[in-house]
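Engineer: I have a structure here, written as structure tokens, and I will follow up with some questions on it.
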Amino acid sequence: MKIGILATGITSDALLPEFGSYAEMFVTLLKEQDASFEFETFDVRDDVFPDSAGQCDAWLITGSKSNVDERLPWMLRLNDLIRDIDANKQPLVGICFGHQIIADALGGEVARFEGGWGVGIHRYQRVGHDAYIPDHVTSFAICAMHQYQVVDKPERARVFAKSDFCEYAGLLYDNHIFTLQGHPEFNKAYEVALIDMLKANPIPEALSEQGLQSVERETLDSPAVLKWIADFIKQGQRT
């Protein structure tokens with residue numbers, strides 16, 4: 001099956017040579033989960049869009065340094081595409097900004113969080129039961145890097161992951177849309193490099209240090225989460 005990656009941002013120039021783009025991270029990591037996956041990337045922030053939602057079998061929206069409340073023309077066009085994908089009941093995955101703009105497109109609210117930045121490795125509590133997440137999983141930890149979050153979820157969205165810091169950390173829409181506020185594509189080395197780059201400006205230095213400590217302390221569950229995403233995409237394609 002062919003997965004279209006809707007790239008809404010790219011790794012900073014300083015980190016790009018070592019870590020690759022967000023889209024490249026997902027291509028590499030999802031290929032490890034299923035070698036039969038094919039990919040096409042659309043740089044939607046540069047107004048490069050597919051001809052239609054049917055151009056790919058499934059879709060993934062990446063993270064971005066942009067914020068939904070900027071209401072840029074490419075964001076409004078992406079909202080329309082999200083609604084088309086939803087109407088087709090195609091598998092759609094949203095990560096960080098992708099998580100937020102899907103909620104925005106489908107009737108939720110996204111805002112700058114009063115509690116500040118989410119930085120470092122965050123642990124989320126699982127809510128409910130879903131076939132692609134093993135029953136024994138009660139929580140999982142992945143990297144976070146965000147100042148905005150979903151503050152009012154769309155009515156039809158079901159919460160499958162939450163924390164004290166992020167009430168709507170993981171959302172499911174019917175059986176074909178899966179979104180996460182955190183970043184399963186980030187590894188520890190990238191998270192550390194990103195925190196170091198943003199320390200003091202714009203992320204407060206004390207919070208940056210807390211984030212770095214969490215990277216040392218926590219074990220990442222990213223490989224498991226990427227498997228859930230791959231399984232979700234394949235399950236959604238069958239339904």
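To keep it simple, each residue is scored yes or no on (1) surrounded by fewer than 21 Cβ atoms within 10 Å (Cβ to Cβ); (2) in a helix (DSSP H, G or I); (3) at pLDDT below 95.
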{"residue": "Ile3", "(1), (2), (3)": "no, no, no"}
{"residue": "Gly9", "(1), (2), (3)": "yes, no, no"}
{"residue": "Ser12", "(1), (2), (3)": "yes, no, yes"}
{"residue": "Glu18", "(1), (2), (3)": "yes, yes, no"}
{"residue": "Thr41", "(1), (2), (3)": "yes, no, no"}
{"residue": "Ser64", "(1), (2), (3)": "no, no, no"}
{"residue": "Asp80", "(1), (2), (3)": "yes, yes, no"}
{"residue": "Ile85", "(1), (2), (3)": "no, yes, no"}
{"residue": "Val93", "(1), (2), (3)": "no, no, no"}
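Engineer: Restricting attention to the range 150-157, does a residue exist that is more than 20 Å from Leu92 (Cβ to Cβ), of a type outside the set (Gly, Ala, Ser) and assigned to a loop (DSSP other than H, G, I, E, B)?
Structural biologist: no
Engineer: With respect to Asp51, is the statement that it is assigned to a loop (DSSP other than H, G, I, E, B) and acidic (Asp, Glu) true?
Structural biologist: Against the criterion (assigned to a loop (DSSP other than H, G, I, E, B) and acidic (Asp, Glu)), Asp51 qualifies.
Engineer: If I filter the range 108-138 down to residues being hydroxyl-bearing (Ser, Thr, Tyr) and over 22 Å from Gly63 (Cα atoms), which single residue comes out as most open to solvent (accessible area, probe 1.4 Å)?
Structural biologist: My answer is Thr138.
Engineer: Within the group Glu167, Glu191, Glu185, which residue is over 15 Å from the mean Cα position of the chain (by Cα) and either part of a loop (DSSP other than H, G, I, E, B) or under 24 Å from Val110 (Cβ atoms) (or both)?
Structural biologist: Glu167
Engineer: Can you run down the residue pairs with Cβ atoms below 9 Å, 6 or more apart or on separate chains, where the first is in the range 128-145 and within 22 Å of Asn187 (Cβ to Cβ) and touching a residue at least 40 places away in the same chain (Cβ under 8 Å) and the partner is of a type in the set (Val, Ile, Thr) and exposed (fewer than 11 other Cβ atoms within 10 Å of the Cβ)?
Structural biologist: Close Cβ pairs (under 9 Å, with a partner that is of a type in the set (Val, Ile, Thr) and exposed (fewer than 11 other Cβ atoms within 10 Å of the Cβ)) amount to Ala141/Thr219.
Engineer: Here is a further query. Filter the range 188-209 for residues that are surrounded by 13 or more Cβ atoms within 10 Å (Cβ to Cβ) and more than 17 Å from Asp13 (Cα to Cα) and give the result.
Structural biologist: Across the range 188-209, the qualifying residues are Lys188, Ile203, Pro204, Leu207, Ser208, Glu209.
Engineer: Filter the range 218-239 for residues that are open to solvent by 30 Å² or more (accessible area, probe 1.4 Å) and in contact with a strand residue (DSSP E or B) (Cβ under 8 Å, 6 or more places away or on another chain) and give the result. Before the answer, list the steps.
Structural biologist: Step one: of the range 218-239, the residues open to solvent by 30 Å² or more (accessible area, probe 1.4 Å) are 218-221, 223-224, 227, 231, 234-235, 237-239.
Listed by number, the residues that qualify are Glu218, Thr219, Leu220, Asp221, Ala224, Gln237.
The values are calculated or read from the model by the stated rules, or taken from the named source; none is laboratory data. Here the structure is a predicted model, which means the values were calculated and not measured. All Cβ positions, even for glycine, are placed from backbone atoms using ideal geometry, and neighbour counts span all protein chains on display. Remember, those area values only see protein heavy atoms, side chains included, never the ligands or the DNA or RNA. Shrake-Rupley method; radii C 1.70, N 1.55, O 1.52, S 1.80 Å.
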